[in-house]
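Reading through the structure tokens given below for one structure.
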Amino acid sequence: MLHKSLDKVLRTTKHHISKLDTLGINTVKDFLLYFPRTYNDTRHFTKIIDITTNEVLTIKGQLTNLFNIRTKYGKKLTRGVFTDDTGSIEVIWFNQPHLVRMLPRKKEIILSGKVKFAFGKIALQNPAYELVQREEEQIHHGRIVPVYHETEGISSKWIREKLKPLIDNWTNLFEEYMPEEIINGLNLIDYKTAIKNAHFPKNSKILEKSKERLAFDELFLLQLKVIQKKWQWQHGIKSNFNKSKIEKKTKILESCIKTLPFKLTNAQNRVINEILEDIQKPFPMSRLIQGDVGSGKTIVTALIALNVVKNGYQTALMAPTEILAKQHYKTFIEILNIFGINIQFIAGSTSKKQKEEIIRQMKTGTVDIIIGTHALIQEKIGFKNLGLAIIDEQHRFGVRQREILKNYGSPHLLSMTATPIPRTLAITVYGDQDLSIIDEMPKGRRKIITRVVPEKKRIEAYRWIEDQIKKGRQAFIICPLIDESDVLEVKSVIKEYNFLNEHIFPGLKVGLLHGKLKQEEKDRIMKGFKENKINILVSTSVVEVGIDIPNATIMLIEGAERFGLSQLHQFRGRVGRGEHQSYCFLFTGSLSEEGTKRMKSMEKYSSGFKLAEIDLELRGPGEIYGIRQSGI
């Protein structure tokens, strides 16, 4: 019955049924589960004697002297006097002459709207109206009123009028599906009551209980879905999983760790052990490493890759940009070179001849570790014996792109992200993966001093930066994405580069980096910056990840309010990698209340996880970095 088409149930036009279809509402069930986006509390009536202008208010009383007039400009006005036990006020409607026939005199009605000045005196203008009825039948005023997402021709008022009889007569057809022990254990209300009171709540308390129940159900079912996905991945693929147990090569790992110029943190050791335990199981691992900028995720993956290679398997690492992939390649070479491992790099800029030779080595098993961009999953590429697939900044790859790598002989899968996500959200969204968190920074890293710079101090900041550069330091200047168009992005950064080069830092070497440059040009600029031949690098968000310049100590972000907290934190993580004190300056335009909170959070907190929690609270989960992908 709940799947009955609405055109069989509602008394309305085909046009309205078509409009509901655009909102994804086709059946009775769809309509009953189309929950309000917000609520207006109109339970408290304002007395006419207490009315103030320019505030939305609700009054209850009687209409008298209602009549239509035409102004000298040809507009039709409906004017009347509205009275309660404390006084009277004029009411005006524009271009609604039919109200003279519709609205009763000397019967109690409710009006809701704003009081403004009109024709030299205050009047309630264009108020919504409703006859006073029994409390349970009142749907538009005098209660907590639901407000829905609307479309042209479908208003919240229309939805309320059509929904109310369906809720009264059809809600009981919903069956409770949640186990009794969960409902009782968490003190949840039953499903039918929650649906009914999410639309027309009797009071604030039952509304909160309804929202709590429906929110729990949404998260519970999402979690159930991702757990099912994980089970299918581990057990559905088990029959094809022919890898022998990958043993922990303790002596080799210890000898590698001894060569590192720093001591691993407790968090890094913990995560390494979690992964080594996973890859000894009789089904493929699927694990996500979350770690703040600079927490040492690459070292962890290099050690795991070494362990896998020494068990006779190949490892592939895929990164979203060539800059980031090259950074990983360089790190892996530095750490693992002494072990006689063949590590190769492949990307869009790799020559055809080089690609062919690398692919041949991958297929014959000569290559132990291959690091690259999405070129890794293009046609004609294969592996002799892929044991571990590592995906960095996994949210930047589509679901299908990740699946291709997973299906090269069912390897163990290790994903990484440097965008910290609140644990509760990460477990929900990535429930099909086990979660490892590197929540400890290497010893000796200084906190980056972050400041919001007011416009009046801009020149002072520029002079301070110039002074630091003369002392040998380097700086990044990030320009925001003014528009989604790559062309406009490039124009804006070129304009800023020219201005800074000619007018602000004419005596310094200023470089320019953006996504439209050819890879050879990007490499040349980054090499120049790394060798301190470029003092200031003006760039778009292309430097968000994968840049490691220990001598760069200043990060200046233009239009900081245009970025999310997590992205600002990523930018900030490009500095603070050497021995000198580092700084992050946030230049902003006009700030909203939310924008001010975000900027103050950047000044106060250095933990990416803390900032991600604030981002979640202020902007909602979809804003963290676009985690809503196909399949979730």
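A few comments on the model shown:
- Residue within segment 328-335 that is among the hydrophobic types (A, V, I, L, M, F, W, C), in contact (Cβ under 8 Å) with a residue 24 or more places away in the chain and part of a loop (DSSP other than H, G, I, E, B) present: no
- Scope segment 419-444; condition at pLDDT below 75 and under 21 Å from residue 603 (Cβ atoms); matching residues: 419, 420, 422
- Scanning segment 126-161 for residues that are surrounded by fewer than 18 Cβ atoms within 10 Å (Cβ to Cβ) and in a helix (DSSP H, G or I) returns 135, 136, 137, 157, 158, 161.
- Check on residue 151, at pLDDT 90 or above, hydroxyl-bearing (Ser, Thr, Tyr) and out of contact with any Gly (no Cβ under 6 Å at 6 or more places or on another chain): no
- Residue in segment 581-604 that is nearest to residue 291 (Cα to Cα), counting only those that are outside any helix (DSSP H, G or I) and modelled with pLDDT under 90: 588
- Going through (1) among the charged types (D, E, K, R); (2) open to solvent by 50 Å² or more (accessible area, probe 1.4 Å); (3) touching a residue at least 24 places away in the same chain (Cβ under 8 Å) one by one, residue 175 falls short only on (3).
- Exclusive hit being in contact with a Lys or Arg (Cβ under 6 Å, 6 or more places away or on another chain), in contact (Cβ under 8 Å) with a residue 12 or more places away in the chain and of a type in the set (S, T, N, Q), set 86, 38: 86
- Annotation: of all residues in segment 299-350 being charged (D, E, K, R) and crowded, with 17+ Cβ neighbours inside 10 Å, the one that is nearest to the chain's Cα centre (by Cα) is 322.
- Residues (crowded, with 19+ Cβ neighbours inside 10 Å and part of a loop (DSSP other than H, G, I, E, B)) located in segment 189-212: 200, 201
- Residues considered: 366, 350. Of these, the only one that is of a type in the set (Val, Ile, Thr) and over 30 Å from residue 245 (Cβ atoms) is 350.
- With a requirement of 3 or more residues that are open to solvent by less than 50 Å² (accessible area, probe 1.4 Å), touching a helix residue (DSSP H, G or I) at 6+ places or on another chain (Cβ under 6 Å) and closer than 21 Å to residue 130 by Cα, the strands (runs of 3 or more DSSP E) lying completely within segment 1-98 that satisfy it span 87-94.
- Pairs where the first residue, in segment 561-583, is over 17 Å from residue 468 (Cα atoms) and the second is part of a helix (DSSP H, G or I) and open to solvent by 40 Å² or more (accessible area, probe 1.4 Å), C-beta under 7 Å, 6+ apart: 564/619; 564/623
- Restricting attention to segment 351-381, the residues that are open to solvent by less than 20 Å² (accessible area, probe 1.4 Å) and not hydrophobic (A, V, I, L, M, F, W, C) total 2.
- Residue within segment 355-371 that is in a loop (DSSP other than H, G, I, E, B), out of contact with any Asp or Glu (no Cβ under 8 Å at 6 or more places or on another chain) and β-branched (Val, Ile, Thr) present: yes
- The set of residues from segment 15-64 being within 38 Å of the chain's Cα centre (by Cα) and of a type in the set (Ser, Thr, Tyr) comprises 18, 22, 27, 34, 38, 39, 42, 58.
- Taken across segment 170-190, residues that are under 29 Å from residue 387 (Cα atoms) and among the hydroxyl-bearing types (Ser, Thr, Tyr) do not occur at all.
Conditions tested, residue by residue: (1) assigned to a strand (DSSP E or B); (2) among the basic types (Lys, Arg); (3) modelled with pLDDT of 90 or more.
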| site | (1), (2), (3) |
| --- | --- |
| 263 | no, yes, yes |
| 267 | no, no, yes |
| 284 | no, no, no |
| 294 | no, no, no |
| 303 | no, no, yes |
| 315 | yes, no, yes |
| 320 | no, no, no |
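- Qualifying residue in segment 466-484 (condition: touching a Phe, Trp or Tyr at 6+ places or on another chain (Cβ under 9 Å), part of a loop (DSSP other than H, G, I, E, B) and modelled with pLDDT of 85 or more): yes
The values are calculated or read from the model by the stated rules, or taken from the named source; none is laboratory data. This one's a predicted model, so the numbers in the text were calculated from it and none came from an experiment. Note that we place each Cβ from the backbone using ideal geometry, even for glycine, and neighbour counts take in every protein chain shown. Accessible surface is based on the protein model in full, side chains and every heavy atom, while ligands, DNA and RNA are left aside. Shrake-Rupley method; radii C 1.70, N 1.55, O 1.52, S 1.80 Å.
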